[in-house]
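The values are calculated or read from the model by the stated rules, or taken from the named source; none is laboratory data. From a predicted model like this one, the values you see are computed outputs, not experimental measurements. Every residue, glycine as well, gets a Cβ built from its backbone with ideal geometry; the counts of neighbours run over all protein chains shown. Accessible surface areas use protein heavy atoms only, side chains included; no ligands, DNA or RNA. Shrake-Rupley method; radii C 1.70, N 1.55, O 1.52, S 1.80 Å.
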Amino acid sequence: MSTSPASQHSEAVFSISTDRQQLDLDVIYRFLSEESAWARGIDRRRVERSIEHSLCFGGYLGHQQIAFARVISDFATFANLVDVFVLPEFRGRGYSKQLMAAVFEHDDLQQLRRFTLATSDAHGLYSQYGFTAPAKPQTLMERYDPLIYSR
């Protein structure tokens, strides 16, 4: 997926790209390790590894990265959406919706049997893209260690 304009903000154009070379690893690492509720304390090498093994979407206002989303997938049957953020100073302008539209329109993420995510506060956003509570929650299990990065 190449960079494509999505909306105007002042003089800069918001665009979304899956080109890993464009990602600003400093912005991503800083947000995840210092501001996110789900990855606080994560080390930089782990962030870099996660990006290497995922389909990543960078959201840019001009040349500045202001948004990010990462998809873990086999590109045939399953995908998991993680690490979605818009920097706080750019929220409320529709960038998260444009980012999600780009994710769900991506050619490699079509016709998947299951697409999952975990969220504590963005149910309204994700429900616009067809996400619901699990149809059979009794079939889902997880190994979850929320303090793993702080040990």
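Per-residue 3J(HN,Hα) values for the range 59-71, derived from phi via the Karplus relation 6.51 cos²θ - 1.76 cosθ + 1.60 with θ = phi - 60°, read x, 10, 9, x, 9, 8, 6, 10, 8, 7, 8, 10, 10 Hz in sequence order (x marks Gly and Pro).
Compute for the chain: radius of gyration divided by Kirkwood radius, i.e. Rg/Rh, restricted to C-alpha atoms, rounded to two decimals.
Taking Rg over the Kirkwood Rh, I get 0.95.
Taking amide H atoms as placed 1.01 Å from N in the peptide plane, the amide H of Thr116 lies under 5 Å from those of Ala79, Asn80, Leu81, each 5 or more residues away in sequence or on another chain.
For the range 87-126, treating each Cα as an identical point scatterer without solvent, what Debye log10 I(q)/I(0) comes out at q = 0.18, 0.19, 0.29 1/Å? Ignoring solvent entirely, the Cα scatterers give -0.64, -0.70, -1.14. Extension gain for the segment Val82 to Tyr144, taken as residue separation times 0.36 nm less the Cα-Cα distance, is 20.9 nm to one decimal.
When the charge dipole of the chain is built from unit charges on Cβ atoms (+1 for Lys and Arg, -1 for Asp and Glu) and taken about the Cα centre, the candidate among Ser73, Gly124, Pro134 whose Cα reaches farthest toward its positive end is Pro134.
Tally Lys and Arg at +1 and Asp and Glu at -1 over the other residues with C-beta under 13 Å from the C-beta of Ile72: what net charge comes out?
Values: positive: Arg49, Arg70, Arg114; negative: Glu52, Asp74, Asp83, Asp108.
Here the count lands on -1.
Within the accessible area of the range 51-95, what % is carbon and sulfur when the probe is 1.4 Å and the other protein chains stay in place? Ligands and nucleic acids excluded, carbon and sulfur reach 56 percent.
Ranking Phe90, Phe78 by solvent-accessible area of protein heavy atoms (1.4 Å probe, all protein chains present), from largest to smallest, gives Phe78, Phe90.
Near the amide H of Val13, within less than 5 Å, lie the amide hydrogens of Gly62, all on another chain or at least 5 residues away, with H placed in the peptide plane.
In a simple Cβ point-charge model (Lys, Arg +1; Asp, Glu -1; nothing else charged), the chain has a dipole of about 420 debye relative to its Cα centre.
Between Phe131 and any residue 5 or more places off or on another chain, the built amide H atoms are never under 5 Å apart.
Heavy-atom accessible area per residue, the chain, 1.4 Å probe: how many Å²?
For the chain, the per-residue accessible area is 63 Å².
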